[in-house]
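Engineer: I'd like to ask some things about the structure below.
Readers should treat all values here as calculations from the given coordinates under stated rules, not as data from a laboratory. Keep in mind it's a predicted model, so treat the numbers as computed, not measured. Backbone-built Cβ (ideal geometry, glycine too); neighbour counts: all protein chains shown.
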Amino acid sequence: MANNKLAIIGGSGLYDVEEFKDRKFIKINTPWGNPSDDILKTTFNNKEIYFLPRHGRGHFISPTKINFRANIDALKQMGVTDIVSVSAVGSLKEDLPPGKFVIVDQFIDRTFSRNKTFFDDEIVAHVSMAHPTSSGLMSACEEAIKKEKIEYQRGGTYVVMEGPQFSTLAESNLYRSWKADVIGMTNMPEAKLAREAEIRYASVSMVTDYDCWHPDHENVDVQQVIKVLLDNAAKAKNMIKNLINNFEKHIDPKDSTNNCLDVAIITAPEKRTQKTKDKLKTIAGRVLNK
């Protein structure tokens, strides 16, 4: 089997997994700047694992200011093949109460102030986002969640809003009319960039609130959100440990993410400057150096 490496990107409330005792923090530079924080490299049950807190340890980076490109490039530099995002979200449906987990399989990207591609200068690529998450990795997440007896839903649409403000009531009702399941601020362009980097991606969303559409929850309160997050932190961390043990057996060698750049780059070879190829060496070196 190939040398598969798993990374966890932790969202609000998940800044570390203290149970990882073999700890090395790695500072990485990328052509896109610095990632959110130093990357934790650890070994758990003889498997090499990486952990990156999306907002930085102590939560000092706003969703719009996250350097998503640097985060993905840095993880790719470490040899990461699989990313599982663990995120806090609001619920857009009555049957997704606070505390429930959703294994997301679709996104609606409503962000507008973020760099969404590695291919924005000289070299143009168009990757397919029809199925933005890895089915095999989703199955690994499902098995890990089931083992902890956490209430969950497999499959769901995540609306990604710009933030950092929460939705207006009109916006919340609009997203509900689209039959979306949850709403958050961080999985885009993260999922798009992971696809461009040919890294398999899955998203586990932890519901913390009912957004503002619910008549009993008209205002989203950060302190209440954090309380729910902390209540579920132990479950999330146990889920991650289960995931480390099982993810490799669910990997599909035919996953379209594995070689999606083969059919994505449209720029003629003679137009690809060495400067840009060097900038993209981590992300697309496999295809640009052929």
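Engineer: Count, please, the residues in the stretch 2-38 that happen to be in a loop (DSSP other than H, G, I, E, B) and closer than 30 Å to Lys277 by Cβ.
Structural biologist: Pass one, the stretch 2-38, residues in a loop (DSSP other than H, G, I, E, B): 2-5, 11-22, 27-29, 31-32, 34-38.
Adding the requirement that they be closer than 30 Å to Lys277 by Cβ leaves 2-5, 27-29, 31-32, 34-38.
Of the residues in that region, 14 qualify.
Engineer: How many residues does the stretch 39-54 hold that are farther than 16 Å from Ala191 by Cα and assigned to a loop (DSSP other than H, G, I, E, B)?
Structural biologist: Here is the first cut: in the stretch 39-54, the residues farther than 16 Å from Ala191 by Cα are 39-51.
Narrowing the set further to residues that are assigned to a loop (DSSP other than H, G, I, E, B) leaves 45-46.
The qualifying residues number 2.
Engineer: Within the set of pairs 6 or more residues apart or between chains, which connect a residue that is without any contact (Cβ under 8 Å) to a residue 12 or more places away in the chain and of a type in the set (Val, Ile, Thr) inside the stretch 48-62 to a residue that is surrounded by fewer than 17 Cβ atoms within 10 Å (Cβ to Cβ) and not in a strand (DSSP E or B) with Cβ atoms less than 6 Å apart?
Structural biologist: Cβ pairs passing all conditions: none.
Engineer: State yes or no: is Ile103 touching a Cys at 6+ places or on another chain (Cβ under 6 Å) and closer than 30 Å to Ser177 by Cα? Walk me through how you get there before you give the answer.
Structural biologist: On the way: touching a Cys at 6+ places or on another chain (Cβ under 6 Å): yes; closer than 30 Å to Ser177 by Cα: yes.
When the stated conditions are applied, Ile103 passes them.
Engineer: Anything in the stretch 213-264 that is over 25 Å from Ile145 (Cβ atoms) and either of a type outside the set (A, V, I, L, M) or touching an Asp or Glu at 6+ places or on another chain (Cβ under 9 Å) (or both)? List them, or say none. Quick ask: steps written out before the conclusion?
Structural biologist: Filtering the stretch 213-264 for residues over 25 Å from Ile145 (Cβ atoms) gives 213, 215-216, 218-219, 221-223, 259-264.
Within the stretch 213-264, Trp213, Pro215, Asp216, Glu218, Asn219, Asp221, Gln223, Asn259, Cys260, Leu261, Asp262, Ala264 meet the criteria.
Engineer: Shifting gears a bit: Within the stretch 139-198, can you find the residues that are free of Cβ contacts under 8 Å to residues at least 60 places away in the same chain and under 30 Å from Leu280 (Cα atoms)?
Structural biologist: Val160, Met161
Engineer: Which residues, taken from the stretch 257-272, are outside any loop (DSSP other than H, G, I, E, B), surrounded by fewer than 17 Cβ atoms within 10 Å (Cβ to Cβ) and not acidic (Asp, Glu)? Reasoning before the result, please.
Structural biologist: Let us first name the residues in the stretch 257-272 that are outside any loop (DSSP other than H, G, I, E, B), namely 257-263, 265, 269-271.
Pick out the ones that are also surrounded by fewer than 17 Cβ atoms within 10 Å (Cβ to Cβ) and you get 259, 262-263, 269-271.
Selection gives Asn259, Val263, Pro269, Lys271.
Engineer: Which one is surrounded by the fewest Cβ atoms within 10 Å (Cβ to Cβ) among residues in the stretch 133-169 that are under 16 Å from Lys254 (Cα atoms) and in contact with a strand residue (DSSP E or B) (Cβ under 6 Å, 6 or more places away or on another chain)?
Structural biologist: Once the filter is applied, the top-ranked residue is Met138.
Engineer: Test each condition in (1) part of a strand (DSSP E or B); (2) touching a Cys at 6+ places or on another chain (Cβ under 9 Å); (3) surrounded by fewer than 24 Cβ atoms within 10 Å (Cβ to Cβ) for Ala202 and report the one that comes out false.
Structural biologist: (3)
Engineer: Tally up the residues in the stretch 66-119 that are polar (S, T, N, Q), more than 17 Å from the chain's Cα centre (by Cα) and buried (at least 23 other Cβ atoms within 10 Å of the Cβ), please.
Structural biologist: Residues meeting the conditions: 1.
Engineer: Okay, moving on. Here is a list: Asn245, Asn232. Which entry is surrounded by fewer than 24 Cβ atoms within 10 Å (Cβ to Cβ) and closer than 18 Å to Lys5 by Cβ? Before you say what the answer is, go through the steps one by one.
Structural biologist: Values: Asn232 fails: closer than 18 Å to Lys5 by Cβ.
It is Asn245.
Engineer: Which of the following residues is closer than 20 Å to Glu196 by Cβ and in contact with a Pro (Cβ under 7 Å, 6 or more places away or on another chain): Asn71, Asn34, Asn29?
Structural biologist: On the way: Asn34 fails: in contact with a Pro (Cβ under 7 Å, 6 or more places away or on another chain); Asn29 fails: in contact with a Pro (Cβ under 7 Å, 6 or more places away or on another chain).
Answer to the check: Asn71.
Engineer: Follow-up question, since we're still on this one. State which residue is surrounded by the fewest Cβ atoms within 10 Å (Cβ to Cβ) when the search covers only the stretch 273-287 and only residues that are under 21 Å from the mean Cα position of the chain (by Cα) and in a helix (DSSP H, G or I). Steps first, answer last, please.
Structural biologist: At the first step, the residues of the stretch 273-287 found to be under 21 Å from the mean Cα position of the chain (by Cα) are 280, 282-284.
Within this subset, residues satisfying the condition of being in a helix (DSSP H, G or I) are 282-284.
On the way: Thr282: 20, Ile283: 26, Ala284: 24.
The residue in question is Thr282.
Engineer: Let me ask something else. Quick one: which residue in Asp16, Asp22, Asp37 is within 15 Å of Ala70 (Cα to Cα) and among the charged types (D, E, K, R)? Before you say what the answer is, go through the steps one by one.
Structural biologist: On the way: Asp16 fails: within 15 Å of Ala70 (Cα to Cα); Asp22 fails: within 15 Å of Ala70 (Cα to Cα).
Answer to the check: Asp37.
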